[in-house]
1. If Phe61 meets every condition in (1) over 15 Å from Leu98 (Cα atoms); (2) at pLDDT 95 or above apart from one, which number is that one?
2. Is it the case that some residue within the range 95-109 is on the phi > 0 side of the Ramachandran plot, within 16 Å of the chain's Cα centre (by Cα) and not acidic (Asp, Glu)?
3. Pick from the range 27-38 the residues that are assigned to a helix (DSSP H, G or I) and either touching a residue at least 12 places away in the same chain (Cβ under 8 Å) or among the small types (Gly, Ala, Ser) (or both): which of them is farthest from Leu98 (Cα to Cα)?
4. Among the numbered criteria (1) farther than 21 Å from Met3 by Cα; (2) outside any helix (DSSP H, G or I); (3) among the small types (Gly, Ala, Ser), which one does Gly83 miss?
Amino acid sequence: ELMFNHCLSTFSKLKVRVGFHANSARLMQMRERPVSNNFLFSASCHNLQELKQAEKLDVDFVYLSPVKPIEKYSEGHSLDWQGFETLVAQVSLPVYALGGMTVSDVTEVRKRGGQGIAGIRCFRT
């Protein structure tokens with residue numbers, strides 16, 4: 001399903017059925033689930049506070065990042081596998097690993113409680 005990642009006011013004007021995605025800043029400003037259960041609702045998370053907020057808002061699934069170091073985060077901060085596993089264990093949400101993932105990481109993600117991987121570069125041919 002296509003996910004819309006922008007402001008909620010624009011989302012409500014769309015003529016096509018899409019899910020709603022909240023970045024972490026938008027997620028932390030929300031007080032309730034912004035769309036009905038008829039629409040998928042996802043969020044980007046980077047720490048336990050954001051994961052707990054996603055859980056409170058009944059998010060359908062989250063992307064947790066960055067698991068591995070990536071260029072976007074020049075300071076080199078990443079969760080690493082142990083950090084990913086520790087955070088996933090503290091919520092009851094489907095969690096997709098994001099950040100430096102490759103297709104070969106799927107087994108490791110699932111072993112550590114994650115749902116699967118997400119990415120851009122890892123799916124390019």
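The values are calculated or read from the model by the stated rules, or taken from the named source; none is laboratory data. These numbers were taken from a predicted model, which means no experiment stands behind them. Note that we place each Cβ from the backbone using ideal geometry, even for glycine, and neighbour counts take in every protein chain shown.
1. Checking Phe61 against (1) over 15 Å from Leu98 (Cα atoms); (2) at pLDDT 95 or above, the one that fails is (1).
2. Within the range 95-109, one or more residues are on the phi > 0 side of the Ramachandran plot, within 16 Å of the chain's Cα centre (by Cα) and not acidic (Asp, Glu).
3. Here the answer is Met28.
4. (2)
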